[in-house]
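Single-structure report; data block below.
The values are calculated or read from the model by the stated rules, or taken from the named source; none is laboratory data. Fair warning: this is a prediction, and the values are worked out from it, not measured in the lab. Every residue, glycine among them, receives a Cβ derived from its backbone with ideal geometry; neighbour counts consider all protein chains shown. Protein only, heavy atoms only, side chains kept; ligands, DNA and RNA dropped before computing areas. Shrake-Rupley method; radii C 1.70, N 1.55, O 1.52, S 1.80 Å.
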Amino acid sequence: MDLYKQALADPSPVYAETSSAACRSSGFPSQVSIDLDAVAANVRSIKALVGDTVSLMAVVKANAYGHGAPQVARVAMENGADLLAVACLEEALELRRAGIGAPILTLSFVPADAVASAIALDLTVAIFDLEQARRYQSAASGIGGALSAHLKIDTGMGRLGVLPGDALALCQQVAELPAISLEGIYTHFSSADASSRFTAEQLSRFCDSLAQLEHQGFRFKHVHAANSAALLTEPASRFNLVRPGLSIYGLNPLGAGQGPAWLKPAMSWKTTIAQVKTLPAGSFVGYGNTYRTRGSETIALLPVGYADGLRRAPRRWREVLARGRRAPVIGRISMEKTAINVSHIPGARAGDEVVLLGKQGDDMISAEEIARWIGSINYEVVTSIAPRLPRDFVCV
Ligand SMILES: *Cc1c(COP(=O)(O)O)cnc(C)c1O
């Protein structure tokens, strides 16, 4: 238990601290703000929706989708989450170091040589293969420890997981491994956001497996399948535990106009105008001379670029908000500079706040809108904002 104790005894001050002051002085000319009240409200809304008989596992992988894992995890636990999920051991270690003692499931792969650490950190791992289970068994018994695990079934996603036809045999063989205790069973949907038919198909394969396992005497404390989209659209997928990620952050897992009204986006991203100038007609802007002014145009330079996560290619970030109005990005986005056209925004000047993601005045640029511009999904928009930019945690 040494590593675990050490992690708890030595919480990093950055993670233990949710005040904004430390972050503001970071020296980066753009700020990512996380509204922890929005996270709290989203978690409470999900909890109210699924009810008291269903536990909530908050998915905080990839630094809580770019929102700051320790802070989001803490707020989620305080507002109704019972367990946490991360991708890998390193992410779990960050939470333990921040003093978070909640149960944590690692959704992705944990190599057998990391089993001692997983036990020390009191983690639960995913099991989906007999060879893997045997390696875990020998690593765990080698240190005289026991490893908690959830069995993952691949009901149609085609990623990690044992195929339903092999689940019973795997379960029987894992039951013979004394250092591994199967405390849960789960599957993951491939298209809960788009195809209710395929989701129903995966659900029925999962239920068949559960019935077969139960018939042979296998019962699990935690049975889970639903991501955000499934928990919203398919109540039968909730079992006794749901695994939302996206909706915790207030982002919409369903099509435009189909998400619930209670979603409150938690992330915003702002910068400041570094310079404003008026260029004569026929001037070029940016690398490659891809933009040329038609008439006299007033442009503003922003001290952010693709190194911060402002997507350059193949389809770029298109607009920002300045003085409550939309300003188009012009020319190529550079590594840490971007030009916008402010000819139609009188009074725009150096020092003005510019919103890249979030609200300004009556307008708002959402992660969903940016996803449409760059040809991606809201998940990728928020996880692509550079981790090096400090997150400024706001709560009232
Ligand atoms: C990321 C992930 C989730 C969360 O999905 P959302 O769509 O963000 O709610 C749930 N389960 C697994 C296995 C995941 O990898």
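Cross-link partners among aspartates and glutamates for K277, C-alpha distance below 19 Å, same-chain residues fewer than 8 apart left out?
Once the sequence-local aspartates and glutamates are set aside, what remains near K277 is E297, E319, E336, D352, E353.
State whether region 156-296 is rounded, prolate or oblate according to the following rule on the C-alpha gyration tensor (a ≥ b ≥ c being the square roots of its eigenvalues): a/c under 1.5 gives rounded; otherwise a/b larger than b/c gives prolate, and the remaining case gives oblate.
prolate
Taking each pair of different alpha-carbon atoms in region 77-165 once, compute 1/r for the pair, average those values, and report the inverse of that mean as the Kirkwood hydrodynamic radius in Å to one decimal.
Details: mean 1/r = 0.0731 Å⁻¹.
Evaluated on region 77-165, it is 13.7 Å.
For the chain, what is Rg from Cα atoms divided by 2.2 N^0.38 Å, rounded to two decimals?
Details: Rg = 23.8 Å, N = 396, 2.2 N^0.38 = 21.4 Å.
Compared with the compact-globule rule of thumb, the chain sits at 1.11.
Across 10 Å bins from 0, what is the distribution of all Cα-Cα pair distances for region 217-376, in whole percents?
In whole percents, the pair-distance histogram is 10, 32, 26, 15, 10, 5, 2, 0.
Defining a contact as two alpha carbons under 8 Å apart and six or more residues distant in sequence, what relative contact order in percent does region 34-103 show? Let's see the in-between values first.
Numbers: 81 pairs, mean separation 25.1, N = 70.
Here the relative contact order equals 36 percent.
Which order do K152, K47 take by accessible area at a 1.4 Å probe, largest first? If you can, show how the numbers build up before the last one.
Working: K152 15, K47 40 Å².
So, going from the largest accessible area down, we get K47, K152.
Using alpha-carbon positions, what is the distance between the centroids of region 277-307 and region 61-95, in Å?
41
Over the Cα atoms of region 236-285, compute the convex hull volume and normalise it per residue, giving Å³. Intermediate values should be presented prior to the final figure.
Details: hull volume 9.3 nm³, N = 50.
Dividing the Cα hull volume of region 236-285 by its residue count gives 187 Å³.
What is the percent carbon and sulfur in the accessible area of region 69-193, measuring with a 1.4 Å probe over the protein chains and ignoring ligands? Working shown, then result.
Values: 2250 of 4460 Å².
It is 50 percent, rounded to a whole number.
Mind ordering 154-161, 246-253, 168-175 by average Cβ neighbours within 10 Å, highest first?
246-253, 154-161, 168-175
Do the alpha carbons of any pairs in K61/K270; K47/K359; K264/K359; K61/K359; K47/K264; K152/K221 sit beyond 18 Å of each other, and which pairs? Could you put the intermediate results ahead of the total?
Numbers: K61/K270 24 Å; K47/K359 27 Å; K264/K359 12 Å; K61/K359 26 Å; K47/K264 15 Å; K152/K221 14 Å.
From the list (K61/K270; K47/K359; K264/K359; K61/K359; K47/K264; K152/K221), the Cα-Cα distance tops 18 Å for K61/K270; K47/K359; K61/K359.
Looking at A266, A327, P70, which one has the Cα that reaches farthest to the positive end of the dipole of the chain (charges on Cβ: Lys, Arg +1; Asp, Glu -1)?
A327
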